[in-house]
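The values are calculated or read from the model by the stated rules, or taken from the named source; none is laboratory data. Note that the structure is a prediction, hence the values are computed from the model and not measured. All Cβ positions, even for glycine, are placed from backbone atoms using ideal geometry, and neighbour counts span all protein chains on display. The protein model used for the area step is the full one, side chains on, heavy atoms only, and it has no ligands, DNA or RNA in it. Shrake-Rupley method; radii C 1.70, N 1.55, O 1.52, S 1.80 Å.
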Amino acid sequence: MKVTFFLSSLDAEPPSPAVANLEPELTAAITFTASSTLKECQQYRSAFLLKWRKRAEDLRREPKGPCNVRLLEEMLRDTGIEGMGSLVAHLRNGFPMSGVLAYDAIYERGPVSTPELSIAELLGRQQEVLARTKGAISLDSRENRSAIWKSVLKDVKAGHMKELSIPLPRNSVFLRRFIVKQVKADKPGCSPKERACDDGKMAQVNRASAVQSKVKLDSIDVFAETARRFIQETVESHGASAFCMVGLDHSEAYRQLGADNGPLCRTVVAEDGDGSVRFFKLKKLSFGESASVVHYNAFANDAGEDCSSRQVPLMQYFDDFACPGLHEDESLLGDLLELLETILGTAFNEEKTARSNCSWSCWWYPPLHHASGCVHTNHPSITS
């Protein structure tokens, strides 16, 4: 019985998938790149790089902001992307960490919600929060306290925080800093990455904001469907048997964006090497606060959408970007870095920026649920 069932299953069709719906700009960029010659792709990119390199020289970067905000504003208008006024204003003046938060020009609205706590209620709870925070710090191991203090010094040196003196501002909201050790699922033998987080839940600052936007990211289904379409159209146009994939990683992600000088003084509490409690005003977005998620992704989304509108099929998942290209396209990675880093002025992690040459294969791969086949770069038939 079991043998009969197994043999019959070999001839069974896989379940019909719910294929990811791609944005029109991304679909158009895939078609353009896959159907064009290498020379056409490179000439097209060279033309818009020349144009925006000149505009970057004309539009000097403002003192504030994670990039040349005036240039970004003009680039968005040039591609017909409208309604970004609130994002541009926040890039100039800092992002609010409380109140109702929404980006209607980028994301759909979710359920209507309001903050659980008013600013007055939040501030009224901070003496209790501070006592709990100090208690939690006292229980940290020596190793954790050392790692936390090291992260504080790094943030101060980078200008992300500044030390506060006593008496503290009356609008202080106290954030306990802790360390999260991240282990890559596909590289269990590697040393874990340590990331400093600031506890917006304990501080209750997360209850003073209400995110009404449904943040939509380019998930694994979008990556797989983009690769599948790109391969299919490349084969149809060129008979190609390989492609390239470039990957970019935003450097420090949330730390690129500044917080506004609003009603809250977000204060990180940490213990120094001598055991004394010290206080630091946080000037940037932080891991651990819910407002940071919608703000950062709205900014990163614009970078991806702007590139897709320029016939470059760039995808974005938080601070990771990926883009397929023709196998012979040796300048794709350099062109993307010139546009996003050199011209626009955002920062990328060089260690995680790479270009890979891949052969292609289509097969049924259950975890991604693509019956028509998908690309999975860890599969033995893919070579990098």
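Computed values, structure above
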{"item": "Sequence-distant residues sharing a close amide H with residue 175 (under 5 Å, placed H)", "result": "267, 268, 269"}
{"item": "Candidate values (1) 25, 57, 18, 0; (2) 28, 58, 14, 0; (3) 24, 50, 23, 2, label of the one derived for P(r) over Cα pairs in 20 Å bins from 0, in percent", "result": "(3)"}
{"item": "Per-residue ³J(HN,Hα) for the stretch 154-160, Karplus 6.51 cos²θ - 1.76 cosθ + 1.60, θ = phi - 60°, Hz, x for Gly and Pro", "result": "5, 5, 5, 4, 7, x, 7"}
{"item": "Where only C-alpha atoms are counted, convex hull volume of the stretch 128-244 per residue in Å³", "result": "204 Å³"}
{"item": "Carbon plus sulfur fraction of accessible area for the chain, probe 1.4 Å, in percent", "result": "53 percent"}
{"item": "Estimated [θ] at 222 nm from DSSP helical runs (n ≥ 4, -39500 (n - 2.57)) normalised by residues in the chain, nearest 500", "result": "-11500 deg cm²/dmol"}
{"item": "5 angstrom amide H check on residue 259, placed H, neighbours 5+ away", "result": "95, 284, 285"}
{"item": "Gain upon complete extension [residue 197, residue 354; 0.36 nm per residue less C-alpha separation]", "result": "53.8 nm"}
{"item": "Cα centroid separation - the stretch 306-326 against the stretch 99-118, whole Å", "result": "27 Å"}
{"item": "3J(HN,Hα) from dihedral phi, the stretch 296-309, Karplus parametrisation 6.51/-1.76/1.60, rounded to Hz, x for glycine, proline", "result": "5, 5, 4, 5, 5, 4, 5, 5, x, 5, 5, 5, 4, 5"}
{"item": "Using alpha-carbon coordinates, inclination of helix 220-238 to the longest axis of the chain, degrees", "result": "30 degrees"}
{"item": "Signed unit charges on C-beta, dipole axis of the chain, positive-most listed residue 35, 285, 124", "result": "124"}
{"item": "Too-long pairs where the Cα-Cα distance tops 31 Å, listed order kept, from 162/201; 54/281; 134/181", "result": "54/281"}
{"item": "Formal net charge of residues neighbouring residue 172 (Cβ-Cβ distance under 9 Å; K, R +1; D, E -1)", "result": "+3"}
{"item": "Dipole-positive endmost among 91, 156, 345 within the chain (Cβ charges, Cα centre)", "result": "156"}
{"item": "Residue 182-residue 113 pseudo-label distance in nm [points 7 Å out on the Cα-to-Cβ vector]", "result": "2.3 nm"}
{"item": "Residue pairs, from the table 283/352; 39/64; 64/216; 193/214; 214/352, whose Cα atoms sit over 31 Å apart", "result": "39/64"}
{"item": "Equivalent ellipsoid, the stretch 234-332 (semi-axes from 5 times Cα gyration tensor eigenvalues, Å)", "result": "42, 16, 9"}
{"item": "Per residue value of the accessible surface for the chain (all protein chains in place, 1.4 Å probe), Å²", "result": "51 Å²"}
{"item": "Local electrostatic count at residue 225 - Lys and Arg +1, Asp and Glu -1, tallied over other residues with Cβ under 15 Å", "result": "-2"}
{"item": "Residue 150 versus residue 134: modelled label distance in nm, points set 7 Å from Cα along the beta carbon direction", "result": "2.8 nm"}
{"item": "Sum of side-chain charges, residue 79 neighbourhood, beta-carbon under 15 Å (Lys, Arg +1; Asp, Glu -1)", "result": "-4"}
{"item": "The stretch 241-292 versus the stretch 202-224: alpha-carbon centroid distance in Å", "result": "16 Å"}
{"item": "Long-range HN-HN contacts of residue 213 with modeled amide H, under 5 Å", "result": "103, 110"}
{"item": "³J(HN,Hα) computed for each position of the stretch 55-64 - Karplus, 6.51 cos²θ - 1.76 cosθ + 1.60, integer Hz, glycine/proline x", "result": "5, 5, 5, 6, 9, 5, 5, 6, x, 9"}
{"item": "Per-peptide average of other Cβ atoms within 10 Å, ordering 119-126, 251-258 highest first", "result": "251-258, 119-126"}
{"item": "The stretch 156-212 - Debye-derived log10 I(q)/I(0), Cα point model, q = 0.18, 0.22, 0.27 Å⁻¹", "result": "-0.88, -1.02, -1.13"}
{"item": "Percent breakdown of C-alpha pair distances by 10 Å bin, ordered from the shortest bin, for the stretch 195-235", "result": "22, 23, 23, 18, 12, 2"}
{"item": "Along each principal axis, Cα extent of the stretch 85-171, largest first, Å", "result": "46, 31, 26"}
{"item": "FRET efficiency for residue 236 and residue 338, using Cβ-Cβ distance with R0 set to 30 Å, rounded to 0.05", "result": "0.50"}
